[in-house]
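Working notes for the structure below.
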Amino acid sequence: MKRMVLAFITIFITVAEAEIIDRIVAVVNDEVITLSELEEATQLYSNLSPKSSVKKQVLEQLINEKLAAQEIKRLGIKASKEEIDGAVNRILKENSISLEDLKAKLKAQGMSYPEYRHFLKNQMEKGKLVGLEVESKITILEETLKKYYISNQKQYQGYTEFNLRHILLLLPKTQQEMEEIRQKQIEIEEFLRQGLPFSEIARRYSQAPTAEEGGDLGWIKEKELSPEIGNIVQSLSIGQVSSFIKTKAGYQLIQIVEKRQVPERSFEEVRNQIYSKLYRQEVERYYEKWLEGLRKKAFVKILY
């Protein structure tokens, strides 16, 4: 009898928990959003805090998505199989991967290929909705583009940039480590005198994440360099290597691989770039405004 009572209590608790998990947190017209849906969506923002405020933001987003989905259905907007196939093929081409590679990457992220196609379908249909309800109403004047260019001209000024390699020896924590660093510095400088390629020495000695790439830092704008590095780099010629520089990261050797002057970009050169930026901003603004109007006409009740 005691076991039966315990079993009944266990079943009751399990059912009660299921009801709590699946309780309704919002009603959007004739559809609902459940707590389990909210919890699942909130997992994407699990690193943010406080969690309660994140949940409220996520719930608002879910309500907006539900309203948009209802409008897509009302207007009969659909993404065809051919359109989805085309989107998949573009993704494969742009990322230089095969369909099997894509499926493997999706699986590693906990998503099946059919689920991914469904995601693409939703995104494409939302894109069509935005095009119909928002994009057709946007006009960006040439005067607006020129005004933006003049106001943000610093972005388009010419600048100097350097293609750099480096070797990093991390700051020592003990006297023994300091002695080891001094020995490594002597060895590195000797190899440089012997003419050993900087990249090979970097692979052997550098403690930076770039060691495997021969210390390659890529192209860096002059203004992005720290003062201690920037001052040294300015005095070096192409191919020349600096002395060891003590920085917050550690002891560094810098080599200039290349140096170039990037010229100022004219309005004509950046016009399309400015247009795309302002256009995206306007799409976001109009879409928010359109959603507000849609929400005013809808029945929305938050129960969370």
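Every read-out reported here was derived from the displayed coordinates using simple, explicitly stated rules and does not represent laboratory data. All figures in this text were calculated on a predicted structure; none of them were measured in a lab. Cβ atoms come from the backbone with ideal geometry, glycine included; neighbour counts cover every protein chain shown.
Brief remarks on what is shown
- Residues considered: GLN194, GLN273, GLN153. Largest GNM mean-square fluctuation over the chain, using C-alpha springs under 10 Å, is found at GLN194.
- Only Lys, Arg (+1) and Asp, Glu (-1) charged, at Cβ; region 255-295 dipole about Cα centre in debye: 60
- Value of Rg to Rh for region 201-295, rounded to two decimals, is 1.25; Kirkwood radius and Rg both from alpha-carbon coordinates.
- Region 88-115 versus region 158-193: alpha-carbon centroid distance in Å: 42
- GNM on the chain, alpha-carbon springs under 10 angstrom: the most fluctuating residue among GLN123, GLN176, GLN61 is GLN176.
- Ranking ASN64, ILE140, GLN255 by Cα position along the charge dipole of the chain, where only Lys, Arg, Asp and Glu carry charges on their C-beta atoms, puts ASN64 farthest toward the positive end.
- Exposed loop sites, defined as trypsin sites (Lys or Arg not before Pro) outside DSSP H, G, I, E and B with at most 14 other Cβ atoms within 10 Å, are absent from the longest region of the chain, namely 79-172.
- Nonlocal amide H pairs with ALA208, under 5 Å, H built at 1.01 Å: LEU168
- Taking a ≥ b ≥ c as the square roots of the eigenvalues of the alpha-carbon gyration tensor, the chain is classed oblate because a/c is 1.5 or more while a/b is no larger than b/c.
- Once backbone amide H atoms are built at 1.01 Å from N, THR34 has VAL25 as its partners under 5 Å, excluding neighbours fewer than 5 places away on the same chain.
- HN-Hα J in Hz across region 187-196 - Karplus 6.51, -1.76, 1.60, θ = phi - 60°, x for Gly and Pro: 5, 4, 5, 5, 4, 5, 5, 6, x, 5
- Each Lys and Arg adds +1 at its Cβ and each Asp and Glu adds -1 at its Cβ; summed about the Cα centre, the chain shows a dipole of about 780 debye.
- Options LEU236, LEU170, SER266, ranked by Cα towards positive dipole end of the chain, top entry (Cβ charges): SER266
- Residues with amide H under 5 Å from that of VAL300, placed H, sequence gap 5 or more: ASN29
- Karplus-derived 3J(HN,Hα), 6.51/-1.76/1.60, for each residue of region 200-208, Hz, glycine and proline x: 5, 5, 4, 4, 7, 10, 5, 9, 8
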